[in-house]
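Below you'll find the structure, written out as structure tokens, and then a few comments.
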Amino acid sequence: MLKQAITLSQNLLATTLLLLLFGFGFQNKSFASTKIIKDTLSFKKYKGKVVDSKTKKALVFATLTVNGTNISTVTNTQGEFLLKVPKEHINSNVTISFLGYTSKVLNLSDFKTKTTIKLETYIEELSEIKIVVKDAQSLILEVLKRKKLNYFDKLTTMTAFYRETIKKRRSYVSLSEAVIEINKQPYTNAKKDILKLYKSRKSTDYSKLDTIAFKLKGGPYNSIYIDVMKNPDLFFSENMLEFYDFSFDKSTKIDNRPIYVINFKQKEYIKTPLFYGKLYIDAQSLALTNAKFKLNLENKEKASRIFIVKKPKGAKVYPVEATYQIDYREKNGKWYYGYSRIQLGFKINWDKRLFNTIYYTTMEMAITDWKNNITKKLIKPKNRLRSSIIMSDKSSGFSDPDFWGKYNVIEPEKPIESAIRKIKKQLRKLKNN
């Protein structure tokens with residue numbers, strides 16, 4: 001059967017997307033560059049949920065960090081978390097923090113089978129924080145100037161968990177997960193970060209993909225490309241600031257530190273699709289701590305040209321969502337990449353079809369541990385993850401309930417848990433046939 005293909009490219013974010021058609025099939029083969037020995041006795045699991053103390057609303061992407069270590073995780077879109085702590089640290093405290101809330105410190109002994117952690121909101125007017133610059137744009141310039149002072153200036157080896165999902169409307173059609181090693185380059189140079197795949201698992205249900213299968217090229221590289229402070233030329237270099245309008249919003253707080261909030265959007269006369277959203281800046285150090293933004297999709301034709309390289313005849317493809325988030329964490333006065341999330345949506349219209357098709361993809365990556373790379377040894381070229389990788393072409397491990405072993409992961413949301421159960425059921429059927 002002939003297979004139609006659409007190729008998408010997000011040059012603005014150095015991200016490439018592929019839409020291809022393949023035959024249906026689940027795979028179950030190992031894809032790990034390093035053999036990991038399970039040692040479930042060397043760590044203890046802690047599960048729970050982080051919520052607003054008054055509304056009981058789940059706090060999405062809240063950070064939990066084991067004090068005295070670099071071990072951390074984040075809550076999922078339902079506020080739930082899974083934290084794995086080595087046995088030698090089970091008497092440690094954990095700091096739970098979320099933007100706009102007062103951080104809380106708990107001892108791991110206080111965690112129950114499933115702990116609900118309640119955080120109190122924090123509100124402070126901007127006028128109560130001393131403004132050290134005359135306007136919002138000048139503040140952004142100062143943030144860029146202080147990058148070398150505020151962010152990691154040494155080579156760091158990081159462990160990260162990466163998840164990539166693809167949905168056709170509301171149904172999950174592809175799920176990929178991986179533990180990644182990152183040679184995170186200093187923020188003081190322009191060298192690219194290097195990635196290595198420790199362990200991954202994947203499954204794709206091509207039977208639900210109709211005549212097109214949506215594939216994402218680049219995998220975990222997409223997540224680190226949106227490190228705004230490492231790659232400012234993609235977003236807010238000094239040369240690009242003139243394309244945006246900046247304004248102060250109400251201030252907030254994170255980790256009990258006052259935070260400036262800056263709104264930004266492209267100037268009206270700029271016709272090229274650019275970004276709009278909010279920047280969160282530490283009032284003491286003037287370091288960017290968080291960024292939440294979207295790509296302007298008002299001009300469908302121009303927005304499509306940013307993404308699409310090639311498409312089959314009779315098909316029109318438009319982006320319907322392009323949302324980005326990057327969170328930084330602080331250690332000993334230095335900030336570093338901690339978590340990022342990308343959500344993209346595309347509508348496919350066919351000339352001779354009554355109904356359209358909509359695909360959504362989400363990519364998220366969280367740093368779960370790190371250490372200074374004192375030896376300055378880099379991942380060997382043969383072990384490096386290629387920036388052109390398609391994670392959904394690799395698979396292993398969904399039949400293994402202890403697949404991740406000691407590694408911290410982002411607790412899957414209920415729909416993803418359901419998808420994993422279906423994958424395991426399908427794998428059992430294939431095994432029995």
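Points to keep in mind about this one:
- Potential lengthening between Lys424 and Gln78 on full extension [0.36 nm per residue; Cα-Cα distance subtracted]: 122.3 nm
- Using a probe of 1.4 angstrom and keeping all protein chains present, the accessible surface of region 284-345 works out to 41 square angstrom per residue.
- For the residue pairs Lys202/Lys331; Lys230/Lys265; Lys253/Lys292; Lys84/Lys202; Lys184/Lys422, the C-alpha atoms sit more than 26 angstrom apart in Lys202/Lys331; Lys184/Lys422.
- Sum of side-chain charges, Asp255 neighbourhood, beta-carbon under 10 Å (Lys, Arg +1; Asp, Glu -1): +1
- Residue-normalised accessible area of region 53-127, expressed per residue, 1.4 Å probe, Å²: 47 Å²
- Candidate aspartates and glutamates for bridging to Lys302, where Cα separation is under 17 Å - those fewer than 8 sequence places away on the same chain excluded: Glu268, Glu321
- Thr69 exposes around 20 Å² of accessible area when a 1.4 Å probe is run over every protein chain in place.
- Solvent-accessible area per residue, Å², over region 217-277 with all protein chains present [probe radius 1.4 Å]: 41 Å²
- Region 147-201 shape via C-alpha gyration tensor axes, a/c threshold 1.5: prolate
- Measuring with a 1.4 angstrom probe and ignoring ligands and nucleic acids, Glu177 comes out at about 0 Å² accessible.
- Within straight-line cross-link reach of Lys45, aspartates and glutamates at Cα separation under 16 Å, skipping those fewer than 8 residues along the same chain: Glu80, Glu88, Asp110, Asp369, Asp402, Glu411
- Ligands, DNA and RNA left out, the 1.4 Å accessible surface of region 144-278 is 47% carbon and sulfur atoms.
The values are calculated or read from the model by the stated rules, or taken from the named source; none is laboratory data. Everything numeric in this text was worked out from a predicted model, so none of it was measured. Heads up, the Cβs are rebuilt from the backbone with ideal geometry, glycines too, and the neighbour counts pull from every protein chain shown. Surface accessibility is based on the protein's heavy atoms, side chains included, excluding ligands, DNA and RNA. Shrake-Rupley method; radii C 1.70, N 1.55, O 1.52, S 1.80 Å.
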